[in-house]
1. Give, ordered by residue number, each residue of segment B:334-352 whose 1.4 Å probe accessible area is reduced by a minimum of 30 Å² on adding the remaining protein chains to the chain alone.
2. For chain B, which longest stretch is free of loop sites, where a loop site is one of the GluC sites (Glu not before Pro) that DSSP puts outside H, G, I, E and B and that has at most 10 other Cβ atoms within 10 Å?
3. Could you tell me which of A:ILE119, A:ILE109, A:GLN89 has its Cα farthest along the dipole of chain A towards the positive end, charges placed at Cβ (Lys, Arg +1; Asp, Glu -1), taken about the Cα centre?
4. Averaging the inverse of every distinct alpha carbon separation and then flipping it gives the Kirkwood radius. What is it for segment B:197-331, in angstrom units?
5. Apply the Debye scattering formula to chain B, with a single equal point scatterer on each alpha-carbon and no solvent, then give log10 I(q)/I(0) at q = 0.07 Å⁻¹.
6. Once amide H atoms are built 1.01 Å from N in the peptide plane, which residues 5 or more positions from A:LEU222, or in another chain, come under 5 Å H to H?
7. Take every Cα pair under 8 Å in chain B that's 6+ residues apart, average their separations, divide by the length, and report that relative contact order as a whole percent.
8. Computing the accessible area with a 1.4 Å probe over protein heavy atoms, can you report the carbon and sulfur percentage for chain A?
Amino acid sequence: MSSNNILQVRNIHKTYKIGRQDQHVLRGVDLAVSNGEFLAIMGSSGSGKSTLLHIAGLLDNCDKGSVLFDNKDVSKISSAGQNRLRNKQIGFVFQFYHLLPELNVRENIMLPLMVGSSIFSWPGKKTKALKLANEMIEAVDLVAQATQKVTTLSGGQRQRTALARALVHKPRLLLADEPTGNLDSEAGKGILDLLKQYNHMGQTIVMVTHDPAIAAMADRTLHLRDGKLVK
Amino acid sequence: MFKYLLIWRYFIRKKVAWTAVGAVALLVMLTLVVLSVMSGLVSETKEKNHRWVSDIIISRDSQVGFPFYQEFIDQLHEMPEVQIATPTIKSFGLLESSFAEPMPKTIVGIKIDEYCKATNFAETLYYKDQKQPNFDPEDKQYKDRGFIFGIYRSYQKDAWQYVANEMDITVFGISYRGVLIGSEAGQKQRYWYVDNAASGLPDIDESYVYIDFDMLQKLALMDGTMDNFPARVNEIRVKLADNVNIVATQKIINEKWQAFKQNYTAKKYALLLDDVTVSHWSKSRQAFIAPLEKERTIMVLVFTMMAFVAAFIIFTIFYMIVSEKVKDLGIIKSSGASSADLASVFIGFGLLVGLAGSVLGSSAGYLIVTNVNAIQEIVKTKFKFELWPEDVYAISRIPDVVDANQMAFIVIIAIIVSASGALVPAIRASRLSVVQSLRVD
Ligand SMILES: Nc1ncnc2c1ncn2[C@@H]1O[C@H](COP(=O)(O)OP(=O)(O)O)[C@@H](O)[C@H]1O
Ligand SMILES: [Mg+2]
């Protein structure tokens, strides 16, 4: 494989135990994502798409296999190293937005920047963090809502906040798990347009969806079937 | 840095956290009030007893008393540790006047000049306010024939009304063998009312009437003329020099006494000398100090248990909050926070709750303690209820001083308790599988 791959997933296996029964969800998944690519992963509900994305994003462990980031195996490195990777290189967008209700829009967007900074280094970083956050707020068109509680936002606005949070630290890889799954078609289109726009600017994106029309926007589509990825 | 923002926001937004703050505040307040007042009472009572007794007391638990006291006092005065030693006589007696029934009293004979140096007696006199206390009535022909009447001021303020200007004191003579001598009706002598004494110790003030040492020794037939025996006394009070260790000196004096009594081995002397005890002041007044100390210990125990209850409340509240916030933890973790970060959010939250509760509670407690007398007065008049009754605690004022060390101690304990209440939920939070929480909405 070429060294241009930002992410590689090799022979991933994952089994869930439900009661006494084993559910073998991922049965040897291989995947390579090259820099700047917009990849869509399709699959029916329950096929293991989210599981795969969580493993690729180091949020979950696999039973077997490895995850390579920049050709380096990161599935076995220390949790501090994994945390740093998530904090600097990866952005997540989830189907259900997952915003912190105690924080306003701008604070939610700044979360990765705040997590990556200690209380002592924060004063030095704050100006830059605010600048980055405000840029994102403008990009996702939430200037008027910047200081609102996130609970007062519409679904589309919430997901745009989540997208801004996922991109504010300029990660090299964006992982999106059915980002439009919970939105009406207009709001969904807004999110997809943003994804497309960022991809044009060079953002690598892996997006999970079960909607062929949405997958069609990507450069390439893979299907998760019977625990394996196929064309 | 997100931790501090999140701790603060949780603290502001989670109303249930305020319950925990309230629990901590209440606990801190109650502990501070009770501990301050109880400690104040204990130390005030000790102080009062100490000053009344002087440092060391050599006594025999019988009205017969013991002989050779002057010889031993002379030995004591040779010790550099001893400031002054003075004998006293304690005799059951009656005080009567033509217009009132006889009052049973403990008649105490003191060498008033020495006694005032050994004890705080002079300060307890409050009627005539004499600079140089003495037993001389205004009518100079009755020199040394005055009596000083003990009054427990808290509930006996008006007792002086029953005291006539001239009263008869009757005491009973007992020989060194312990049999009644002299008149069967006792020896009666007239005395003149010169002053009131109020030590603040109810058992003392209620029953003591003081007269001159020599007068009483003669009247009680303890001067030895009647039974042909050396003169006797009931107590020697010893005041030590400043900064002398009382307990250590008490041991030395006790050894001295044991050696001293070997000089008088004849049976009739030994009988009286054998059960003389040498105690330091707190030992001799133990019966009055120990119950208070026990009460304070029980209070501390009760509040320790309450601290456990508070810790449990905090634990429950934090458990609830953590359960409710699992999804937040998943989000934060997906942004790159470590498990330790997540745990520290909750521990920090616990610290903040503890700190807020302590500040509130200790301020409230401080206000209550410093105004406790005014509050007790209101409660007394409105509800007819006294939390710290004067006669039980031998006080006319409830101690109203907050000890800074004690306050700091309580605050630190409260903060530790709060933080540890958050500890288990925090550890649970850091161990949670966060993906799980991110799946569902
Ligand atoms: N923690 C879990 N325990 C048991 N089964 C799980 C767990 N998480 C997911 N599953 C099961 O694994 C399968 C794949 O889930 P998921 O990755 O969420 O699928 P998708 O995202 O494609 O809908 C589903 O059948 C789901 O029920
Ligand atoms: Mg899914």
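The values are calculated or read from the model by the stated rules, or taken from the named source; none is laboratory data. What you see is a predicted model, and the numbers here were worked out from it, not measured in a lab. When we count neighbours, we look across all protein chains shown, and the Cβ atoms used for this are built from the backbone with ideal geometry, even at glycine. Quick note on the areas: whole protein, heavy atoms, side chains included, nothing else; ligands and nucleic acids left out. Shrake-Rupley method; radii C 1.70, N 1.55, O 1.52, S 1.80 Å.
1. Buried-area filter returns B:SER334, B:SER335, B:GLY336.
2. Details: sites that count: B:GLU138, B:GLU184.
Longest site-free region, per DSSP loop and neighbour criteria: B:185-441.
3. A:ILE119
4. On the way: mean 1/r = 0.0467 Å⁻¹.
Computed over segment B:197-331, the radius equals 21.4 Å.
5. -0.54
6. It is A:ALA40, A:ILE41, A:MET42, by chain and number.
7. Once normalised by length, the contact order is 28 percent.
8. On chain A, the fraction of accessible area on carbon and sulfur atoms equals 50 percent.
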